[in-house]
Amino acid sequence: MAARPAAALARREVHSIASKLQGNTQGLKPSQIKALTRLYQRRYPERGCYSSEQAQELAALSVSIGRQIGLLIDRRGRPRMVIVGQPESLFIPDLSALGGRVAPTRLRGLRLLHTHLGFESLSQEDLMDLLFLRLDALAVLTVDALGLPRTISWAHLLPPSAGQEPYRTHGPMPWDRADVDFAAQAQALEDELARGAAPDTATREDTGRDTMAPGAERALLVSVGTLPPAARERHLEELAELSRSAGLVVVGSVAQRVPKVNPRFILGKGKLAQLEIEALRTGAGLILFDCELSPTQQRNLAELTERKVLDRTQLILDIFAQRATSRAGKLQVEMAQLKYTLPRLVGRNKALSKLTGGIGGRGPGETKLELDRRRIRERMDRIKDALKRLRRHRAFARARRAKGGAPLASLVGYTNAGKSTLLNALTQSDVLAENKLFATLDPTTRRLRFPRERELILTDTVGFIQSLPAELREAFRATLEELESADLLLHVADASHPELERQMAAVEEILNELDLRETPRLLVLNKWDRLDPEERER
């Protein structure tokens, strides 16, 4: 009877040791698990990758368990993660627990050493891991059937430049001939990346490019789709303006015209590798797509690259969150953000499933993911109730204005067309007006007095944009309802914009969707002073 507690204690000890390992540990013997865990106690040299004894230990262990073994080693030579793979492959788990997100011009500070059972040296998957995870280096030790090391191959990244591969490979060569200082090599590469991504000192007026504001994040724009080159260029220009409004610095763009968008990654693996190279070259920490990414695409991209991945809808939501000042505006933005987040809330592993019930609970309980979803839905219900009250309050305010007999005119138009500037000029107001997309968000109402004692109520509304996200359009119903009671719509358009007709069509499309076809409207061509005589005549 006394042996049972001892056996249970031994099982708990083995389970505790196994929890330090990552990957495919199922079916391993306790002795194999202990041998693998002892790898955490080793110190691997900076030069030469490993000692003779360490190479032989890795080879023997890999053959013993019949699987690949991977070690993520820091620059002090300490293993930070031991990974057990399959016989033909090695899956690297999420590395955020080892140090969070990596700065755009830095490497991860880890090199990967792993075994290959057989004669294959560096594979394409190895090189993609090196690139996307920004490892200091990646080395492959091939192992023969007797558990002896055979050859060593390694690769490291190169400073990005046109016309060359982003990495350099070495070997295969005899396993005891590797002689390279991995730490010094990584430091030299980081220094080169930092020099290549140094901020420009020239001003925007001198160069036509964005300046690098202190603390500003660098963004790389990506356009993928079936649009012709001219239309794609226009979309990228608007995305760049949106980025500037959000406080980002655009450092480059990548465009690809495809007959069909990749449903998994939106781009092919080869193009994604080029994108990562361009991000390394420019020091971009954020990749911004000029479309709305599906939840699956966003999740796959986030797992593939260490950089932040955003789409156009997220960017617009972020701008609205920065600009909202009134309670109504903040509630509407929060509602739009929650609607966007809910379908993208996906658990990453079984660790998210935890018991939440009290005494008498049965089964796995409610997962953290389900809790998050329920809380989001509850918050959305509360916001809906608050927005309903705000709509009723605005309806009362409109009714009071209608009793006064003053007609109501609403300013509508594409974002940054000059609606707020026109309101200030007509009513001598000081509403915020900047040369940015969505500079103002909350509606503003002013009285405009005419000669002969006549008055007009003038309302400035949120600007429109092409392909306005559905989440925003629904959330801003309380604001856009102001247009329903308008006696006149003043459609303000930027006459100097090269895409004037496209912007006007986008505004008309949104107005039609709001059932405002019958409301009288007056076209106001703003920024007339920027046109040359021929354009004014047209």
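In loop segments of segment 167-198 as defined by DSSP, the trypsin sites (Lys or Arg not before Pro) with at most 14 further C-beta atoms inside 10 Å of their C-beta are Arg177.
Each pair of Cα atoms in segment 223-283 enters the Kirkwood radius, and Stokes-Einstein at 25 °C and 0.890 mPa s then converts it into a translational diffusion coefficient of 193 µm²/s.
3J(HN,Hα) along segment 327-339, derived from phi through the Karplus expression 6.51 cos²θ - 1.76 cosθ + 1.60 where θ = phi - 60°, amounts to 4, 4, x, 5, 5, 5, 5, 4, 4, 5, 5, 5, 5 Hz, with x in place of Gly and Pro. Counting Lys and Arg as +1 and Asp and Glu as -1 over every other residue whose Cβ lies under 12 Å from the Cβ of His170, the net charge comes to +1. Within the shell of other residues whose beta carbon sits under 12 angstrom from the beta carbon of Leu426, the net charge comes to +3, with Lys and Arg scored +1 and Asp and Glu -1. Of the listed residues Asp179, Asp129, the order by accessible area with a 1.4 Å probe, largest first, is Asp179, Asp129.
Largest to smallest in accessible area, the residues His497, His156 fall in the order His497, His156 (1.4 Å probe, all protein chains included). When the residues Arg307, Arg379, Arg47 are ordered by accessible surface, computed with a 1.4 Å probe over the protein chains alone, the sequence from largest down reads Arg47, Arg379, Arg307.
Set the Förster radius R0 to 56 Å, insert the Cβ-Cβ distance between Lys20 and Arg536 as r into 1/(1 + (r/R0)^6), and round the FRET efficiency to 0.05. So, using R0 = 56 Å, E works out to roughly 0.15.
The values are calculated or read from the model by the stated rules, or taken from the named source; none is laboratory data. Bear in mind the structure is a predicted one, so any value in this text is a computation, not a measurement. Please note: Cβ atoms are built from the backbone with ideal geometry, for glycine as well, and neighbour counts cover all protein chains shown. The protein model used for the area step is the full one, side chains on, heavy atoms only, and it has no ligands, DNA or RNA in it. Shrake-Rupley method; radii C 1.70, N 1.55, O 1.52, S 1.80 Å.
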